[in-house]
Amino acid sequence: MKKCKRLISKNIIVNNEYTPSLSILSLDELWKLHEIGRHIYESAPIVGNSRDRSLHASSGIKRFGVKKAIGWIDIKLELAKRIMKKCTFCFHKCGANRINNEKGLCLVGKNSFISAEYIHLGEEKEIIPAHTIFFTGCTFHCVYCQNWKGAFRQTNEHFYSQGKLVEIITQRFNEGAKTVNFTGGTPEPHLLTILKIVKYLPDNITPLFVFNSNASLSEDGLKLMEGIIDIYVPDFKYGNDNCALRYSGINNYLKTVTENILFMYNTAKVLVRHLILPEHIECCTKPVLDWIKKNIPDITFNPMFQYRPCYKAWNYIEIARMLNENEIKFLNKLLKI
């Protein structure tokens, strides 16, 4: 199996000379350290089929105290904790103090809750067998949400401690899981939890990490996940901003999501999903296809035909049905299936 990015990143050491603790540094200083770690990650020499990034670099930040070397993962963890005090993990940047358990627009507070977890064989071939972890909460509020009971109702959610999550991931890996598939809902609100898993999962447990999301990470969130996520599976939902606002309550959708997907494409493997909505082939499916062909033509694209009206979709007559036979025939020609 290909070496996990997280194992490479865990070997990155930043020499933080004369700094007794990360906790005394400002947010700007932490990001400076993070950038040094990222530079090591990007510039280390390639050895065999992977990069040997067990390197050191001086931060240039000095404080009175004991000379100390710190890991890139520790810097990411400290940044995630700070950001959660005024949360900007996703593009909403709602500023909720989630450390004090204030819930953001995603409906997630301090702790990560899970509605289900199991080995999933029905995903793309590149990621199965997938240990799929369904987090509760979501940064979108799609009226047709296919997993609304787990994402929004939150009556059957379960809290797993850091140790319990590591134990479960270890168990599923030993049962044959090739990947850990973080989804939901969406995993954007759960970056601190993911980083804790990275920190404490034993190095001999080597599933690839999959970030299966609606592509709503902020710039800060994308930076924190660089060097952690092996495969991104963004759901490219809409080909225009009007449909995104009508069905998901999202402004400035197209610019944000396309920029995020390009970042993902430049830092990891990408599999793009597109759930095809009835009456939305011309306004959404075609533009999505055109953008992918122009910008990232060599990725895996998964057009999803399984839309069914649920949750609040019945209030929107144009999507209150499944795809009809004519739409499916047209799509088959369009997609050359």
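The values are calculated or read from the model by the stated rules, or taken from the named source; none is laboratory data. Note that the structure is predicted; figures quoted are calculated from it, not measured. Glycine gets a Cβ as well: all are built from the backbone with ideal geometry, and neighbour counts include every protein chain shown.
At a glance:
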quantity: Residue check, Gln162 over 22 Å from Ser216 (Cα atoms), of a type in the set (S, T, N, Q) and touching a Ser or Thr at 6+ places or on another chain (Cβ under 8 Å); calculated: yes
quantity: Condition broken by Tyr247, with the remaining ones in (1) crowded, with 17+ Cβ neighbours inside 10 Å; (2) farther than 26 Å from Val272 by Cβ satisfied; calculated: (2)
quantity: Breaking point among (1) over 16 Å from the mean Cα position of the chain (by Cα); (2) in contact (Cβ under 8 Å) with a residue 40 or more places away in the chain; (3) crowded, with 18+ Cβ neighbours inside 10 Å; (4) closer than 23 Å to Leu222 by Cα, for Lys76; calculated: (1)
quantity: Qualifying residue in the range 130-142 (condition: of a type in the set (Gly, Ala, Ser) and outside the structural domain of Leu254 (by TED's automatic domain parsing)); calculated: no
quantity: Any hit, the range 301-314, residues being assigned to a loop (DSSP other than H, G, I, E, B) and either over 25 Å from Gly122 (Cα atoms) or polar (S, T, N, Q) (or both); calculated: yes
quantity: Residue satisfying condition, being within 19 Å of Asn181 (Cα to Cα) and among the β-branched types (Val, Ile, Thr), within set Ile119, Ile83, Ile73; calculated: Ile119
quantity: Which listed residue, of Lys333, Lys329, Lys286, is in contact (Cβ under 8 Å) with a residue 24 or more places away in the chain and either surrounded by fewer than 17 Cβ atoms within 10 Å (Cβ to Cβ) or not aliphatic (A, V, I, L, M) (or both); calculated: Lys286
quantity: First in the range 252-266 and among the hydroxyl-bearing types (Ser, Thr, Tyr), second anywhere and assigned to a helix (DSSP H, G or I), Cβ under 7 Å, 6 or more apart; calculated: Tyr253/Asp241; Tyr253/Ala244; Thr258/Trp291
